[in-house]
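Enquirer: Mind having a look at this structure? Questions to follow.
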Amino acid sequence: MSLYAEVLPDPGRALGQLFTYRVPEHLQDAVRVGSQVLVPFGPRTVVGLVGALRSRSGRQDLKDVESVLADVPALSADSLALAEWMARYYICELGEALRPFLPEGMSYRISRRFRLTGQPIPPEVLRRPDAGPIAEHLQSAEKEVSIGSLRRLLPASRLQRGLRLLKSRGLVGERALLLPPRARERQVRLLEVAVAAGEVDRYCEARANRAPARVAALRVALVAGASPAGELARRAGVSVAAIRGLVDDGMLRARWIPVRRRPWAQAADALGEPPALTPEQSAAVAAVTAAVDSGEHASFLLYGVTASGKTEVFLRAIERVLAAGKQAIVLLPEISLTAQAIGVYRGRFGERVALVHSALSLGERWDEWQRIRSGDAGVVLGARSAIFAPVPKLGLVVVDEEHETSYKQEQAPRYHAREVALKRGELSRCPVLLASATPAIETFYDAEKGRHKLLRLPRRVEDRPLPTARVIDMRGSEGRQTILSSALRQAVAARLREGEQVILFLNRRGFATFLLCPTCGRAVRCKECGVALKYHRDARQVRCHHCNYAEVAPDICANCGSHQIRFSGFGTERVERELRRILPAARPGRMDRDTTSGKGAHVRIVGQFRSAETNVLIGTQMVAKGFDFPGVTLVGVISADTSLNLPDFRAAERTFQLLTQVSGRAGRGEKEGEVIVQTYRPDDDSIRAAAAHDYESFYRNEIESRRELNYPPVSQLVNLVVSSEEEEAASHRAGVIADALRRAGGERVQVLGPAPAPLPRLRRRYRWHVMLKGPQGEVQGVVREALVGLGTAEAGMLAVDVDPVSLM
């Protein structure tokens, strides 16, 4: 029987075409859809992914699949279907869409190795800007060099040109080396008694005087059973050398056993009896569990005020999923939130909970992936990448805080986890539950249009009141001189005297917004992006928050030589320092990207605040999302205007959501909460609505504004960003693309631009963008038609962002 495989070579690269290969007879039982295989591709051998199997092909000149990589898991048919949908919807190649399904370290890789052949290298080759650096590097290395080390020498295009030239002249040879997955099962070596009890007694009698340490260790091993060598030595009070002696004597033998790595094991489990449900919670649980029982796809929007008990609705629905022998995925917008949530979910479901996010080590991710795939883990908890977890029996997907922009991936594939979750639920025929106190305008609009069933939780559990809000006008003289207004300072001091806790929110990290020379007016700027560098006092550095470029903070102006450099603006680091200065009773902790970069940092910071080791938590938007700290009675918003001033049509929505969410952290325990909002725009509609906890009035005003301007959700938006190291090339290419879009779209769509992007330079590349607005479901076709007509000239220059959450 003939069998043919449609294979995507080198999955993860920006390839969109499947290539047909013949499957040899001896591999036909092993290969299946989703298998990883080795195939020849041009002059190289690459790892490929089988996308389909066919019983016939019209071509005779086909190459054979070389082998099936059977010890790595295959992708499911549902996963392949989801990746194909992502490629169509987000206008990317299938290879790009498959990247999230093949986590780093879990697949085979081909390592390309290069060496000199020994032929003399002509001087004109050494002088070439593409081939010369490669040849010199290989000469100095005197051994095979990987493609990774060569990529550090030259940009990709020059590197490929140089390699082609050197190989075509026979100066450089290439070898492909198959490397296994870096992630592997963890095994621990245990020692156990290798002989019968009688022989143990005879051994101990014979060596009681000559080797008392071995005798003591052997008697411990007889009782303890299989144990690590160090543990046996510790319990027996002997050295490890004595244990090795027992192995040499044949009294102990080694046995290797797999051991699961338990990520974030230090997170405390939240145990206790489930609370009684409110009538609104009961209705929501009934609606979702009915959908779970039906085995059909349905989508819900659980719209509930902060602290209304949305998490308990999730937990009750998941109980029904597990009882039916199925699995659930719960998405959270930030890794920081999993530090709290893992305790809640483990407290209810024990070791059936798996954790998936980018802060896990390769080994931890491997272990969790295997538990999910085998069905041992019934609940998958994690950030946006968890939606791609290999869940074989999916029964429910929950997207908590569905409005959060962190669900959008910024690099290709530029997917939104909420939309991917809805599509995965449809493909898996299971319900999807979206939840938020401040739903995205698009989501609430869809609920009103009937795409999602709307479930409401209009009051807090136990009828606790929402926090009262005070808006502080910072336009007076006080606002120019202080970080904390007198009202906020006094309120913080009063709460700390009562033994209560406070959250201070500022969506800017670092110590100062920028360093400015008052003599010449020059700010210290990033050499890669052109933006002002932020000052970080703890590290004595100025740092770019876009490309992470950093340098030592200067004492002298590089432009005019002045010694009068000053700090301007402030971030979370400076707020922490100011708080320590004015309030000795404060024990502040800080949660931002600078303090959470280390492994386990999220758990540590959350644990310290929960245990009251710290009594003030200062943070960026990380602290605004879903945390439940019963001791917090005051939330201070230090600058409500940060997001309001962004050049983005969603600026008002983001401001309202951030203020409402961070306000919702107050008053979740026995005592009532208070929110103090500092702003230079106290009359802005979004700030007034947030202070009044009035989402629906904000939504009505905002949706009318979107209709007037034809912005989502009444239309669909695509942002096309062209970048180049030459500004003229970027602007010219953006103009060509804009013209092509106008030709392809005609009257159906509106093309805006080209224009410089709001962030006009990033990582040494100039950026221009073109925006396309049009009816839902039509814009992708217009973009594809326009780009097909342009060919491949924009490769490496163009980023297509469907449904962008930021226009920066």
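Enquirer: Of all residues in the stretch 321-331, count the ones that are in contact (Cβ under 8 Å) with a residue 40 or more places away in the chain and either in a helix (DSSP H, G or I) or open to solvent by 10 Å² or more (accessible area, probe 1.4 Å) (or both).
Expert: Here the count works out to 5.
Enquirer: Which of the helices (runs of 4 or more DSSP H) contained wholly in the stretch 641-752 include at least 2 residues that are at pLDDT 90 or above and more than 27 Å from the chain's Cα centre (by Cα)?
Expert: The qualifying helices (runs of 4 or more DSSP H) are 685-691, 695-709, 727-745.
Enquirer: Please note which helices (runs of 4 or more DSSP H) are completely contained in the stretch 47-142 and include at least 1 residues that are touching a Gly at 6+ places or on another chain (Cβ under 6 Å) and surrounded by fewer than 20 Cβ atoms within 10 Å (Cβ to Cβ).
Expert: Of the helices (runs of 4 or more DSSP H) lying wholly inside the stretch 47-142, those with at least 1 residues that are touching a Gly at 6+ places or on another chain (Cβ under 6 Å) and surrounded by fewer than 20 Cβ atoms within 10 Å (Cβ to Cβ) span 123-127.
Per-residue answers, yes or no, for (1) at pLDDT 85 or above; (2) open to solvent by less than 10 Å² (accessible area, probe 1.4 Å):
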site	(1), (2)
Gly600	no, no
Val603	no, no
Lys625	no, yes
Val637	yes, yes
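Enquirer: For a quick check of your reading: which helices (runs of 4 or more DSSP H) sit entirely within the stretch 178-271 and have at least 3 residues that are closer than 30 Å to Leu69 by Cβ?
Expert: Passing ranges: none, list empty.
Enquirer: Among residues belonging to the stretch 332-353 that are of a type in the set (D, E, K, R) and in a helix (DSSP H, G or I), point out the one that is most open to solvent (accessible area, probe 1.4 Å).
Expert: Residue satisfying both the conditions and the ranking: Arg352.
Enquirer: Can you tell me which of Val68, Val50, Val46 is over 30 Å from the mean Cα position of the chain (by Cα) and among the aliphatic types (A, V, I, L, M)?
Expert: Val68
Enquirer: Of everything in the stretch 5-16, what is surrounded by fewer than 19 Cβ atoms within 10 Å (Cβ to Cβ) and more than 13 Å from Leu98 (Cβ to Cβ)? Give them in sequence order.
Expert: Glu6
Enquirer: Any residue in the stretch 171-184 that is more than 30 Å from Leu252 (Cβ to Cβ) and open to solvent by 80 Å² or more (accessible area, probe 1.4 Å)?
Expert: Yes, some residue in the stretch 171-184 is more than 30 Å from Leu252 (Cβ to Cβ) and open to solvent by 80 Å² or more (accessible area, probe 1.4 Å).
Enquirer: Looking at the stretch 432-443, can you tell me whether even one residue there is under 26 Å from Ala74 (Cα atoms) and open to solvent by 10 Å² or more (accessible area, probe 1.4 Å)?
Expert: No, because not a single residue in the stretch 432-443 is under 26 Å from Ala74 (Cα atoms) and open to solvent by 10 Å² or more (accessible area, probe 1.4 Å).
Enquirer: May I ask you to say which residue of Arg414, Arg451, Arg429, Arg459 is among the basic types (Lys, Arg), within 26 Å of Gly667 (Cα to Cα) and surrounded by fewer than 23 Cβ atoms within 10 Å (Cβ to Cβ)?
Expert: Unique residue meeting the criteria: Arg459.
Enquirer: Does Ala412 count as of a type in the set (A, V, I, L, M) and part of a loop (DSSP other than H, G, I, E, B)? Outline the logic, then answer.
Expert: On the way: of a type in the set (A, V, I, L, M): yes; part of a loop (DSSP other than H, G, I, E, B): yes.
Here the answer is yes, as Ala412 does meet what is asked.
Enquirer: State which residue is nearest to Leu583 (Cα to Cα) when the search covers only the stretch 490-539 and only residues that are open to solvent by 30 Å² or more (accessible area, probe 1.4 Å), at pLDDT below 90 and more than 35 Å from the chain's Cα centre (by Cα).
Expert: Filtering the stretch 490-539 for residues that are open to solvent by 30 Å² or more (accessible area, probe 1.4 Å), at pLDDT below 90 and more than 35 Å from the chain's Cα centre (by Cα), the one nearest to Leu583 (Cα to Cα) comes out as Pro518.
Enquirer: Which of the residues spanning the stretch 452-475 are modelled with pLDDT of 95 or more and assigned to a loop (DSSP other than H, G, I, E, B)?
Expert: His452
Enquirer: Based on this model, can you work out whether Gly395 counts as open to solvent by less than 10 Å² (accessible area, probe 1.4 Å) and not hydrophobic (A, V, I, L, M, F, W, C)? Spell out the reasoning first.
Expert: On the way: open to solvent by less than 10 Å² (accessible area, probe 1.4 Å): yes; not hydrophobic (A, V, I, L, M, F, W, C): yes.
Yes: the conditions hold for Gly395.
Enquirer: Select, from Val344, Val356, Val379, Val391, the only residue that is under 21 Å from Leu433 (Cα atoms) and out of contact with any strand residue (DSSP E or B) (no Cβ under 6 Å at 6 or more places or on another chain). Walk me through it before giving the result.
Expert: Values: Val356 fails: out of contact with any strand residue (DSSP E or B) (no Cβ under 6 Å at 6 or more places or on another chain); Val379 fails: out of contact with any strand residue (DSSP E or B) (no Cβ under 6 Å at 6 or more places or on another chain); Val391 fails: out of contact with any strand residue (DSSP E or B) (no Cβ under 6 Å at 6 or more places or on another chain).
Residue meeting the stated conditions: Val344.
Enquirer: Continuing with the same structure: Would you mind stating whether Leu153 is modelled with pLDDT of 90 or more and touching a helix residue (DSSP H, G or I) at 6+ places or on another chain (Cβ under 8 Å)?
Expert: No.
Enquirer: I've got another one for you. Is at least one residue of the stretch 370-379 at pLDDT 90 or above and closer than 17 Å to Asp400 by Cβ?
Expert: Yes, that holds for at least one residue.
Enquirer: Can you pull out the residues in the stretch 576-585 that are open to solvent by 10 Å² or more (accessible area, probe 1.4 Å) and touching a residue at least 60 places away in the same chain (Cβ under 8 Å)?
Expert: Arg577, Glu578, Ile582, Leu583, Ala585 - these are the residues of the stretch 576-585 that are open to solvent by 10 Å² or more (accessible area, probe 1.4 Å) and touching a residue at least 60 places away in the same chain (Cβ under 8 Å).
Residue-wise test of (1) closer than 27 Å to Asp367 by Cα; (2) among the hydroxyl-bearing types (Ser, Thr, Tyr); (3) loosely packed, with under 15 Cβ neighbours inside 10 Å.
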{"position": "Val200", "(1), (2), (3)": "no, no, no"}
{"position": "Ala208", "(1), (2), (3)": "no, no, yes"}
{"position": "Ala211", "(1), (2), (3)": "no, no, no"}
{"position": "Arg214", "(1), (2), (3)": "no, no, no"}
{"position": "Ala221", "(1), (2), (3)": "no, no, no"}
{"position": "Gly225", "(1), (2), (3)": "yes, no, yes"}
{"position": "Ala233", "(1), (2), (3)": "no, no, no"}
{"position": "Gly250", "(1), (2), (3)": "no, no, yes"}
{"position": "Pro258", "(1), (2), (3)": "yes, no, yes"}
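Enquirer: Look through the stretch 729-751, keep the residues that are over 24 Å from Gln411 (Cα atoms) and free of Cβ contacts under 8 Å to residues at least 12 places away in the same chain, and return whichever of them is least open to solvent (accessible area, probe 1.4 Å).
Expert: The qualifying residue least open to solvent (accessible area, probe 1.4 Å) is Gly746.
Enquirer: Just one of the numbered conditions (1) over 20 Å from Glu462 (Cα atoms); (2) free of Cβ contacts under 8 Å to residues at least 60 places away in the same chain; (3) open to solvent by 10 Å² or more (accessible area, probe 1.4 Å) is not true of Pro630; which one?
Expert: Of (1) over 20 Å from Glu462 (Cα atoms); (2) free of Cβ contacts under 8 Å to residues at least 60 places away in the same chain; (3) open to solvent by 10 Å² or more (accessible area, probe 1.4 Å), only one is false for Pro630: (1).
The values are calculated or read from the model by the stated rules, or taken from the named source; none is laboratory data. Computed from a prediction, not measured in an experiment: that's the story for all the values here. FYI the Cβ positions are ideal-geometry reconstructions off the backbone, even for glycines, and counts take in every protein chain you see. Note: accessible area is taken over every heavy atom of the protein model, side chains too, but ligands, DNA and RNA are not part of it. Shrake-Rupley method; radii C 1.70, N 1.55, O 1.52, S 1.80 Å.
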